[in-house]
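Novice: Below is a structure I'd like to ask you about.
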Amino acid sequence: MSAHRDRTGGGRSRRWFVVGALAAVAALALTLAAAAGPIGAASGFEDDDGNLAVDSTFDWNGFAPVTWTGAAPYQRASKTASGWAFGGLSDAQETTSDTGFAGGTKQDKDCPSVTGTKAPNKDDLKRIYLATKTVNGHVYLNLAWVRITQNTTSPSAHVGFEFNKGTTPCPSGSDGLVQRTAGDVLIVYDFEGSSTDVPTLTARRWVTSGACEVSSDSPPCWGPAVNLTAFGFAEAKVNTFGAVSDTIGPNSPTPESLGKSEFGEAGIDLTGAGFFPPGVCSAFGKVSGVSRSSGNSGQAAMEDLVGPGDFNINNCVPTTTTTGQKVVITDFARPSGFGTPTGTVTFQLFTNSSCTGTPLYDSGPVALGVDGLASATTGPLTTTGTDTSATFYWLVSYSGDANNLPSTSPCGTEQTTISGNTPGVDP
């Protein structure tokens, strides 16, 4: 209020006050824009700021430089950085030889025919990116798409990411697609253009019985859609605010400027959403990206195809066995004393360095040979411990004879250590 009353003589002061206030508001706006949503905060990936730059934790450009293989425009990329496994698939653009689908092909069509076709401008994808990591027992998946320069900044479109468990190829003419199996996942990025830059992510599973998303269809089909965004399992952003720089494309690390509405990303908590039930090992190995025309995302006709390609997402934890290794050990003894000692030697084997308790192996009295040497060989022994390692301790006793007194070697004077997968040892 004081700035408003200062109409004379304080104009300069008033202007400085207003500029300072606007600067503070602008700084606050930037801070809010950079803040990660709950999914990104939990996973450590900036999944909903609509850019690729690493601003605080990790983002797509953090993978740079990325090496792409294969003949352009159909190339593949993979890399691991900061614990994130990255995958990239590129596609042809603005050409009638681009991989796509015949007019009217719907998402429920298993093993659809793939043809050379030019997708509409708003549906023409350049490439897709994927990244996955397990954090605190939750499997997180990040998705991103890049499309060609747009004729308008608010075109309606849908982008689907399909993840398959099986590896059985479709018949020829499906360009590497695999046959769907129960439990496959389809995640759809619904970007209707208009005024929103925060799209809705939905997901459905491939079912062989029960209800279909499209009521007029019958199983096998995509089951009813689940709104991941509404349930708090996903968050997303489109760069409707302006151009962003991409340094992980096929020309990585050379920056590529992506214009307004040409880049979209999302982060998903797959475990929270129920795609990986606790204690059940589940894995997906194939992925493909599909653009679809405007309208209902479940019934919209498929347009452009990116992929398919290999990309592994799983919640499987390696198990450790405690069976150890089976070993056979031989020991020798030659007592020394007056003349050539005679009598017997007893070999005992223990798993503790004090040689107490019941021995793991006891040879009983073994007669010395004419050369004064005795030996004993154990039967198969099993090591213990998750690292399949063990140390055994020998206790060797001499009976004595007419010229030599009995004696016993200190425990552990002789030791046998088995470490890892020792050559010649039965695992």
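The values are calculated or read from the model by the stated rules, or taken from the named source; none is laboratory data. Predicted model only: the values in this text are computed from it and were never measured. Virtual Cβ from ideal backbone geometry, glycine too; neighbours counted across all protein chains shown.
Matching residues to (1) free of Cβ contacts under 8 Å to residues at least 60 places away in the same chain; (2) over 18 Å from Ser90 (Cβ atoms); (3) not assigned by TED's automatic domain parsing to the domain that holds Phe163:
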site	(1), (2), (3)
Glu213	no, yes, no
Gly223	yes, yes, no
Val226	yes, yes, no
Gly232	no, yes, no
Lys237	no, yes, no
Phe241	no, yes, no
Phe263	no, no, no
Ser288	no, no, no
Ala300	no, yes, no
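Novice: Assess whether Leu52 counts as being part of a strand (DSSP E or B) and assigned by TED's automatic domain parsing to the domain that holds Trp206.
Specialist: no
Novice: Would you mention how many residues in region 235-290 are within 17 Å of Lys165 (Cβ to Cβ) and charged (D, E, K, R)?
Specialist: So the answer is 1.
Novice: Another question about this same structure. Within region 137-149, is there a residue that is modelled with pLDDT of 95 or more, more than 21 Å from Ala300 (Cβ to Cβ) and of a type in the set (Ser, Thr, Tyr)?
Specialist: Yes, region 137-149 contains at least one residue that is modelled with pLDDT of 95 or more, more than 21 Å from Ala300 (Cβ to Cβ) and of a type in the set (Ser, Thr, Tyr).
Results for (1) at pLDDT 75 or above; (2) part of a loop (DSSP other than H, G, I, E, B); (3) among the hydroxyl-bearing types (Ser, Thr, Tyr), shown as yes or no for each residue.
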{"position": "Gly307", "(1), (2), (3)": "yes, no, no"}
{"position": "Pro318", "(1), (2), (3)": "no, yes, no"}
{"position": "Phe338", "(1), (2), (3)": "no, yes, no"}
{"position": "Asp362", "(1), (2), (3)": "yes, no, no"}
{"position": "Pro410", "(1), (2), (3)": "yes, yes, no"}
{"position": "Gly420", "(1), (2), (3)": "no, yes, no"}
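Novice: So, restricting to strands (runs of 3 or more DSSP E) that lie completely within region 58-165, which ones have at least 2 residues that are surrounded by fewer than 17 Cβ atoms within 10 Å (Cβ to Cβ) and not basic (Lys, Arg)?
Specialist: Because the criterion is at least 2 residues that are surrounded by fewer than 17 Cβ atoms within 10 Å (Cβ to Cβ) and not basic (Lys, Arg), the strands (runs of 3 or more DSSP E) in region 58-165 that meet it are 76-81.
Novice: Also: Suppose the filter is of a type in the set (Ser, Thr, Tyr) and out of contact with any helix residue (DSSP H, G or I) (no Cβ under 6 Å at 6 or more places or on another chain); does Thr247 pass it?
Specialist: The answer is no for Thr247.
Novice: Which one is nearest to Gly272 (Cα to Cα) among residues in region 233-258 that are surrounded by fewer than 20 Cβ atoms within 10 Å (Cβ to Cβ) and modelled with pLDDT under 95?
Specialist: The selected residue is Thr240.
Novice: Return the pair list, or none, for Cβ contacts closer than 8 Å from residues in region 56-75 that are free of Cβ contacts under 8 Å to residues at least 12 places away in the same chain to residues that are in a loop (DSSP other than H, G, I, E, B), at least 6 apart or on different chains.
Specialist: Matching pairs, first to second residue: Thr69/Gln75.
Novice: Here's something else I'd like to know. Do we find that Thr67 is at pLDDT 95 or above and of a type in the set (Val, Ile, Thr) in this structure?
Specialist: yes
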